[in-house]
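Since the structure comes first, as structure tokens, the remarks are kept for the end.
The values are calculated or read from the model by the stated rules, or taken from the named source; none is laboratory data. Here the structure is a predicted model, which means the values were calculated and not measured. Here Cβ is always computed from backbone atoms with ideal geometry, including for glycine, and neighbour counts include all displayed protein chains.
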Amino acid sequence: MDMDRRELADFLRRCRERISPQDVGLPAGTRRRTPGLRREEVVQLAGMSADYYIRLEQGRSPQPSPQILASLTRALRLSEDERDHLHLLAGHRPPAGRQSGTFIQPGLLYLLDQLKETPAQLLSDLGDLLAQNDMATALFGTVCSVREDERNVPWRWFTDPTVRAAYPVEEHDRLSRVHVADLRAAVARRAGDAASTALVRRLSGASEEFRELWELHEVAVRRTSRMRVDHPAVGPINLDCQTLLTPVEDQRLLIFTPPPGTADINHLELLRVVGTERFSPTG
């Protein structure tokens, strides 16, 4: 990622000019000819070299480190969006933001409830099923459950053979790699936090297949995909899966729709009639 020196210099100047000395606990003083903070005041607050900061604002500095950017974020009282923008201009990936965890925003629950004719699920980035609507329950049943001991999709995929029975055998290898590559991306975003580390450790201890795939170090965020579910009452249903990320990116809304112009539309309509009967996949 390249550093944009000109935009970075302009952004720093604008942020400095927007903050008054009183905002950061400094005396206003007299004969202040420039709006906002002086450069030496930013340097004092950030605890950095005056010469280096001057070169930053002049667009002729070397790339600042993440530590310097963190100091500037505090000194200039940047919001999370401004902090992320600062990192991107400096050529760095923004630090991980706040996570929702298992707390579901009321708006997302309302949206799930409104999607009455389309299967939809809300998952964490680690694959924990947090909520699903009635159509998703009718489609997947016991393949996925919101119960805490059953809700992690990768865990169930690699440890419960009955889960795979709902999918064509020829798709198993591909889906295994999809699960692992998506989980690998989430673990990296979380910088190896306790939850992601514990999940990888559990999976590695329980599944040789997972261990072998994890060693490949494949990374791919699951955004769109096509899948086939063998429903015991309706038969095979081909579905497109569209993934919508929440702003904090540790929760994602999955929406399952039939490919346009296919018989799968009729199969999904039949599923609405069947309703939420208990899903019992057969081998």
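In region 112-168, of all residues being outside any helix (DSSP H, G or I), within 24 Å of A233 (Cβ to Cβ) and charged (D, E, K, R), the one that is modelled with the lowest pLDDT corresponds to R147.
Is there a residue being among the small types (G, A, S), modelled with pLDDT under 90 and over 19 Å from the mean Cα position of the chain (by Cα) anywhere in region 170-186? For region 170-186, residues among the small types (G, A, S), modelled with pLDDT under 90 and over 19 Å from the mean Cα position of the chain (by Cα): absent. Residues in region 188-228 that are aliphatic (A, V, I, L, M) and out of contact with any helix residue (DSSP H, G or I) (no Cβ under 6 Å at 6 or more places or on another chain): 9 in all. Taking first residues from region 262-283 that are among the aromatic types (F, W, Y) and partners that are at pLDDT 50 or above and assigned to a loop (DSSP other than H, G, I, E, B), the Cβ contacts under 8 Å between residues at least 6 apart in sequence or on separate chains come to F279/A166; F279/P232.
The set of residues in region 198-252 that are farther than 30 Å from E80 by Cβ, aliphatic (A, V, I, L, M) and in a strand (DSSP E or B) comprises M227, V229, I237, L239.
The listed residues are A185, A198, and the only one of them that is hydrophobic (A, V, I, L, M, F, W, C) and farther than 20 Å from L253 by Cβ turns out to be A198.
Out of the residues in region 237-256 that are modelled with pLDDT of 85 or more and touching a helix residue (DSSP H, G or I) at 6+ places or on another chain (Cβ under 8 Å), which is surrounded by the fewest Cβ atoms within 10 Å (Cβ to Cβ)? Ranking the candidates gives N238 first.
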